[in-house]
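Every read-out reported here was derived from the displayed coordinates using simple, explicitly stated rules and does not represent laboratory data. Please read all numbers here as calculations on a predicted model, not as lab measurements. So basically every Cβ, Gly included, is an ideal-geometry build from the backbone, and we count neighbours across all protein chains shown.
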Amino acid sequence: MPTNALLFAWNRPVVGREPMSAEHFQEFSNYLAGLQKKGAIASFDTVLLDSHGGDMNGFFLIRADASKLDALQQDRQWFEHMIRASMHLEGSGTVRGMTGEEIPKAMEIWQKNIPS
């Protein structure tokens, strides 16, 4: 299982653009499923959060090796999806992260650098 992840998150659809958002959500889900089938990513999860008053209400968690995530973020089709999302979603954005066996390594570095 890859230990690198890309989080694509959003707040909510722009008022009046909900139909566009729903359509793009399905297209983006299909896009990610195609990437997984081709081996360009290892997997992805779609998460819709319960209402909580915060500014993140859903996300896709995409897992792949770092080099595959680099390639994904450089791909024109990915870029087009991100541009489209910015036109109908409030607060959309991506951030890289780590999972699995990378967590203890990162925590070791973090703990080593805590001032005594």
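Worth pointing out:
- Filtered by the rule that a residue be in contact with a Lys or Arg (Cβ under 9 Å, 6 or more places away or on another chain), surrounded by 13 or more Cβ atoms within 10 Å (Cβ to Cβ) and of a type outside the set (S, T, N, Q), the range 1-34 gives 2, 5, 6, 7, 20, 24, 28.
- Some residue of the range 88-104 being touching a residue at least 12 places away in the same chain (Cβ under 8 Å), closer than 21 Å to residue 1 by Cβ and of a type in the set (Ser, Thr, Tyr): yes
- Among the residues of the range 4-16, just one is within 15 Å of the chain's Cα centre (by Cα) and not in a strand (DSSP E or B), namely 11.
- Test for residue 59: is it in contact with a strand residue (DSSP E or B) (Cβ under 8 Å, 6 or more places away or on another chain) and of a type in the set (Phe, Trp, Tyr): yes
- Looking at 71, 64, 85, just one residue is in contact (Cβ under 8 Å) with a residue 24 or more places away in the chain, within 14 Å of the chain's Cα centre (by Cα) and either closer than 18 Å to residue 38 by Cβ or exposed (fewer than 10 other Cβ atoms within 10 Å of the Cβ) (or both), and that residue is 64.
- Scanning the range 47-61 for residues that are surrounded by 14 or more Cβ atoms within 10 Å (Cβ to Cβ) and among the polar types (S, T, N, Q) returns a single hit, 57.
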